[in-house]
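Reading through the structure tokens given below for one structure.
Nothing in this text is a laboratory measurement; each read-out follows from the coordinates by a stated rule. The shown structure was predicted, so the numbers you read here are calculated from the model rather than taken from an experiment. Cβ: placed from backbone, ideal geometry, glycine included. Neighbour counts: every protein chain shown.
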Amino acid sequence: MSKRIVSTFLLFLLIPSCASPAPTTDSVSQSASTPNDWWRSVVFYEIFVRSFYDTNNDGIGDFNGVTAKLAYLEELGVNAIWLMPIHPSPSYHGYDVADYYSVNPEYGAMDDFKNLLAEAHQRDIRIIIDLVLNHTSSEHPWFIEANNDPNSIYRDYYVWEDEDKGNGWHQGNQGYYFGLFWEGMPDLNYNNPAVTEDMLKVTDYWLNEIGVDGFRVDAVKHLIEAEGKTENTPATHEWLEDFYKAYKKQNPQAYAVGEVFNAGSSVVKSYTGDELDQVFNFEISSGFVNSANGGANSGVISAVKFALMDTPDFNFATFLTNHDQARAMSVFYGNADKAKVAAFLMLTSPGTPFIYYGEEIGMQGQKPDEDIRLPMQWNADEYAGFSTTTPWRTPHHDYTQVNVEAQHGDSASLLEHYQTLIHLRKAHPALQTGDITLLDAGSSGIFASLRRHGKETFLVLANLTDKEISEYEIKLDDTALAESAFGVETVFGAEQARGRERGGEAVAYKPYDVLHPYAMYILKVNP
């Protein structure tokens, strides 16, 4: 049978929750478009705890390791963290959860996690955790009982058939169960109101008893299959509308960002507003990477244009690559200039940016997945400074040259590039949630845009290529600057730009005679 939605959330909204703190002046509103939504102005950092930093010398990263590196993250400028799955699981990655109310003992105890939360919050760093709603582990007690006893109350927590229905179906002890991804991840059945009730208890526990700031919701487009469709079904959207009301009632400041793999701006729009706070925009993220890699602005311009059409408030999450994709530096074949350009595009564009751990130093990694999630490269010591014993996975061979210690304090390094851009973004609302106007510079190798918020205006300019570009002019038609003379202040870039001496018919603007290879600038426009 297929999973179908049953509208029973009104019952579950009455479930008592632990008291949460009274909202402060920066409280998150239940409206997805209010300026007090804290996630609109932060920079996230994605961490795989297993690979970040090992403090007890067992070769596996731990909560105390993340706590020990909070000073590093604070200096980098990130003010929010997404932790990949932290629950007990039979797998190394944790996306098959065996217990939603505990933490992986390999990462430490619950008290260690609570200490991490407390230390992060003292530094004004928020933490969200992965929430796997679509499925459990086949080793979860619910499934074990359901698989062994057809009369168990947990039988209907999953989706069963008497015969094999083909792709996604797996043989159990008594019948066949549906597990879209593989047999070790049986799908939950949200046709059963009890499943929804139990999962809302999970969110309430982590938001109010433990104190996390929200969730990254895994595989959200697959929640409810219907009529042969396994993604983006109307029933999934209906369920999420009530889920949004439920977690906002539990904690109005809670944030949920959804993984809708390969989502473009039109799909993002369908999931945000009254279903999730944000969704990862794969289309615009690919635009950043493709334009940086190919030296042409078509990828990023196309993605921004679609976003302007479908989600003009740009209320979505951006990234370069994540834990399921080849690392950005591997896509760029080790070219640090391209990595800098990609970071520049992301950190000067609208949307909430997520940085994958190690991306800021140019860590490499390609499939299999384990090699995309290698130990963080802290220094040139044995095991990359991640541990003093053999790690769960051997670090990338380039760690003696590519590491935090080697790049720290080097103004030409990728790390310092990220740090400078992050701090600039945090200091200027125009670079966070400001409007964006794409500008034509007369060259496919140049990306130019205006970012504006209130009285603040910035011109963002980048040469995406490895060649000098002198034949260009930035057209200011249809902008507020079209008929204006203005001065500029270079807030990012090696050279001071010249302003524009007159307006009128001279609508084009050329701040530099030559744009050097991979030159990047942020110019503050002063009327």
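What full-extension length gain, to one decimal in nm, is calculated for Asp324 and Asp274 as 0.36 nm per residue of separation minus the Cα-Cα distance?
This chain segment gains 15.3 nm when fully extended.
Run the helix sum for the chain: -39,500 (n - 2.57) per DSSP H stretch of 4+ residues, divided by residue count, reported at 222 nm to the nearest 500 deg cm²/dmol.
The per-residue figure over the chain is -7500 deg cm²/dmol.
Using the structure shown, list the pairs from Lys221/Lys269; Lys338/Lys367; Lys455/Lys524; Lys475/Lys524 with a Cα-Cα distance above 19 Å, or answer none.
Going by Cα-Cα distance, Lys338/Lys367 fall outside the 19 Å limit.
Report D for the range 87-146 in µm² per second (integer): Stokes-Einstein, Kirkwood Rh on Cα pairs, 20 °C, 1.002 mPa s.
This corresponds to a translational diffusion coefficient of 168 µm²/s.
Percent of Cα-Cα pairs per 10 Å bin, from 0 to the last occupied bin, for the chain, please list those.
4, 18, 27, 25, 16, 7, 2, 0, 0
Could you tell me the extents of the range 55-166's C-alpha atoms along the three principal axes, largest first, rounded to whole Å?
Rounded to whole Å, the extents work out to 57, 26, 25 Å.
Would you kindly calculate the translational diffusion coefficient of the range 301-443, applying Stokes-Einstein with the Kirkwood radius from alpha carbon pairs, for 37 °C and a viscosity of 0.692 mPa s, and quote it in µm² s⁻¹ without decimals?
My calculation gives 199 µm²/s for D.
With bins 10 Å wide starting at 0, give me the P(r) of the range 211-267 over every alpha carbon pair, in whole percents.
Spelled out per bin, shortest first, that is 21, 49, 26, 4.
So which DSSP H runs in the chain come out at 15 Å plus along the axis (Cα) with average Kyte-Doolittle of at least 0.0?
Membrane-span-like by this rule: 282-294, 298-310, 336-347.
Can you tell me which lysines have their Cα less than 16 Å from the Cα of Lys340? Leave out same-chain residues fewer than eight positions away.
Lys467
Have a look at the range 188-341 and give its Rg and Dmax from the Cα atoms, expressed in angstrom.
For the range 188-341, the Cα radius of gyration and maximum Cα-Cα distance read 17.5, 52 Å.
Please report, in debye to the nearest 20, how large the charge dipole of the chain is about its Cα centre when each Lys and Arg carries +1 at its beta carbon and each Asp and Glu carries -1 there.
The calculated dipole for the chain is roughly 1400 debye.
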